[in-house]
Amino acid sequence: MFLRALLAFLALPGLFAFLLPPVITYLDPWRGQMWAGGYPVLVAGALALLWCVRDFYVSGKGTLAPWDPPKRLVVVGLYRHVRNPMYIGVLLLVLGWALVTCSPLVGVYTAVLAVFFHLRVVTHEEPWLSRQFRSQWTEYAAAVPRWMPRVTPWNAVSDTKSQSKK
């Protein structure tokens with residue numbers, strides 16, 4: 001399974017977050033001088049992405065690839081704060097590229113990816129998760145926001161108990 005997870009990582013975020021931004025930057029006639037201030041954003045995105053890939057592999061028993069999804073709903077790590085931290089990680093990483101390279105085209109690419117990710121989540125992933133994990137997904141989706149992270153991490157047991165006391 002490790003090789004499948006590695007292949008999925010190289011095929012998806014590898015292409016969209018690590019290969020395409022430098023290519024777009026190279027082709028961008030409006031790019032500016034390098035700006036080191038973008039590196040913290042790039043690194044934060046890369047770390048979030050790697051953390052999520054690890055959680056998919058360890059907790060979900062699957063990969064980030066649509067052709068080999070997790071067997072269990074992943075509700076650990078960053079997923080306790082927001083439902084789509086992997087996409088947020090990719091967007092931060094690509095935004096970091098845009099900032100480091102001062103490339104307006106990579107900035108536009110970031111915005112296009114954000115729209116694509118949202119549409120994919122709403123039209124494909126969430127309906128699939130709802131069918132696959134039923135009540136577990138319903139409870140999770142009701143408690144954890146899609147894009148704006150919760151300050152406190154969600155815990156199914158404690159959140160359920162506190163809701164029943166109200």
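The values are calculated or read from the model by the stated rules, or taken from the named source; none is laboratory data. Everything quoted here is computed from the prediction, not taken from an experiment. Neighbour counts run over all protein chains shown; Cβ positions are idealised from the backbone, glycine included.
Tally the residues that are of a type in the set (Gly, Ala, Ser) and at pLDDT 90 or above, restricting the search to the stretch 42-74.
Number satisfying all stated conditions: 4.
If you check Gly45, Gly37, Gly107, which single one turns out to be assigned to a helix (DSSP H, G or I), at negative phi, buried (at least 22 other Cβ atoms within 10 Å of the Cβ) and not hydrophobic (A, V, I, L, M, F, W, C)?
Gly45
Restricting attention to the stretch 18-34, which residues are among the aliphatic types (A, V, I, L, M) and not in a loop (DSSP other than H, G, I, E, B)?
Result: Leu19, Leu20, Val23, Ile24, Leu27.
Could you list, in sequence order, all residues of the stretch 88-104 that are touching a Gly at 6+ places or on another chain (Cβ under 6 Å) and buried (at least 24 other Cβ atoms within 10 Å of the Cβ)?
Leu93, Gly96, Ala98
With Pro127, Pro145, Pro85 as the choices, which residue is surrounded by 15 or more Cβ atoms within 10 Å (Cβ to Cβ), more than 30 Å from Pro29 (Cα to Cα) and at pLDDT 95 or above?
Pro85
Would you say Pro70 is more than 19 Å from Leu15 (Cβ to Cβ) and assigned to a helix (DSSP H, G or I)?
Criteria not met by Pro70.
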